[in-house]
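Chemist: Quick one: structure below, then a few questions.
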Ligand SMILES: C[S@@+](CC[C@H](N)C(=O)[O-])C[C@H]1O[C@@H](n2cnc3c(N)ncnc32)[C@H](O)[C@@H]1O
């Protein structure tokens, strides 16, 4: 678990942006849920994995969902809770819990209708990822949805350079010395091999975005995956 590195990052941000707006890809996914899947957000039970400063959790809570954010950085959780107080959101609509997404989850089977993993699980190691996959499948209700945004290797020159220059201890990982952080990237085949044994893949799209890091802009590719528990 890379708690120390993430804690440091939230205390003195170099990578994460402090914005309160939800990820565009989360907005698009919510639109898809409502329009195409006819999902009613009112009372929808959502688990936000690695909820950070809470922007995606809060967005869903503002649309009527009952959201639990799970996060390892205490500073990020404090920030998210402060934002909830500032917005005066009703207390049960969004709560934040300090817990690793790579350790068994403190929830009964089928407790959630929707899981969000917005660029969080790429910080897990192999054994944590095995727990994450098993637990996500266990706590998601049948036919529940799962949105994953994660780092993509295909066509990403920055990812390929990092893999070559700073390889991490596990396959497809690299080390970022400025952050003291390891990250995992996925090819399409690799992503499918990881998720498709447990989830139905509704869609898997590549999206290119610019990430700001240490006041420089890097072109990075991300997978945006819409999954369902069969
Ligand atoms: C790139 S940030 C994304 C935050 C948030 N999902 C968003 O879209 O704003 C990755 C987040 O995952 C959290 N994280 C990393 N490893 C974690 C773990 N093992 N358990 C819980 N959270 C974790 C980090 O602290 C960080 O908040």
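Chemist: Can you tell me which of 41, 87, 133 moves the most in a GNM of the chain? Springs connect C-alpha atoms under 10 Å apart.
Modeler: Highest fluctuation among the options: 87.
Chemist: For a footprinting-style exposure proxy, rank 30, 91 by other Cβ within 10 Å, fewest first.
Modeler: 91, 30
Chemist: Order of 45, 81, 212 from fewest to most other C-beta atoms within 10 Å? Mind showing how you got there, number by number?
Modeler: Values: 45 19, 81 15, 212 12.
By the 10 Å Cβ count, ascending, the order reads 212, 81, 45.
Chemist: If I build a Gaussian network model for the chain, linking alpha-carbon pairs within less than 10 angstrom, which residue out of 168, 50, 19 has the largest mean-square fluctuation?
Modeler: Most flexible of the set in this elastic network: 19.
Chemist: Pulled fully out, how much extra length does the chain show between residue 165 and residue 27, if you take 0.36 nm times their separation in residues and subtract their Cα-Cα distance?
Modeler: Additional length available on full extension: 46.2 nm.
Chemist: Calculate the spin-label point distance for residue 218 paired with residue 38, positioning each point 7 Å from the Cα along the beta-carbon direction, and give it in nanometres.
Modeler: That separation, rounded to one decimal, is 4.4 nm.
Chemist: Moving on to the next point. Label the stretch 1-120 by shape, choosing from rounded, prolate and oblate, from the square roots a ≥ b ≥ c of the eigenvalues of the Cα gyration tensor; if a/c is under 1.5 it is rounded, and otherwise prolate applies when a/b is larger than b/c, oblate when it is not.
Modeler: Values: a/c = 1.62, a/b = 1.41, b/c = 1.15.
Judged from the Cα gyration tensor, the stretch 1-120 comes out prolate (a/c at least 1.5, a/b above b/c).
Chemist: Using alpha carbons only, how many angstrom separate the centre of the stretch 115-138 from the centre of the stretch 163-190?
Modeler: 16 Å
Chemist: Per 0.36 nm of contour for each residue apart, how much would the distance between residue 141 and residue 89 grow if the chain were fully extended, relative to their Cα-Cα spacing?
Modeler: Gain on extension, residue 141 to residue 89, equals 16.1 nm.
Chemist: With r defined as the distance between the Cβ atoms of residue 187 and residue 78 and R0 fixed at 41 Å, what FRET efficiency is calculated, to the nearest 0.05?
Modeler: 0.65
Chemist: At R0 = 30 Å, how high is the FRET efficiency between residue 109 and residue 4 if r is their beta carbon distance? Nearest 0.05 is fine.
Modeler: The computed FRET efficiency comes out at 0.40.
Chemist: For the pair residue 202 and residue 97, how long in nm is the line joining their label points, each one 7 Å along Cα→Cβ?
Modeler: Reported label-point gap for residue 202 and residue 97 is 2.4 nm.
Chemist: Right, here's the next one. Only helical DSSP H runs with n ≥ 4 go in: add -39500 (n - 2.57) per run for the chain, normalise by residue count and round the 222 nm mean residue ellipticity to 500 deg cm²/dmol.
Modeler: On the way: 7 runs with 74 residues, N = 230.
So the calculated ellipticity at 222 nm is -9500 deg cm²/dmol.
Chemist: Right, here's the next one. Looking at the square roots a ≥ b ≥ c of the eigenvalues of the Cα gyration tensor of the stretch 33-180, which shape do they give, rounded for a/c under 1.5, prolate if a/b is larger than b/c, or oblate?
Modeler: prolate
Chemist: Order of 1, 70 from fewest to most other C-beta atoms within 10 Å? Mind showing how you got there, number by number?
Modeler: Details: 1 14, 70 23.
Ascending number of Cβ neighbours within 10 Å: 1, 70.
Chemist: Given springs between every Cα pair under 10 Å in a Gaussian network model of the chain, which of 137, 63, 145 has the largest fluctuation?
Modeler: 63
Values in this text are rule-based calculations from the coordinates and carry no lab data. Everything numeric in this text was worked out from a predicted model, so none of it was measured. Cβ sites come from the backbone with ideal geometry, for glycine too, and all protein chains shown count toward neighbours.
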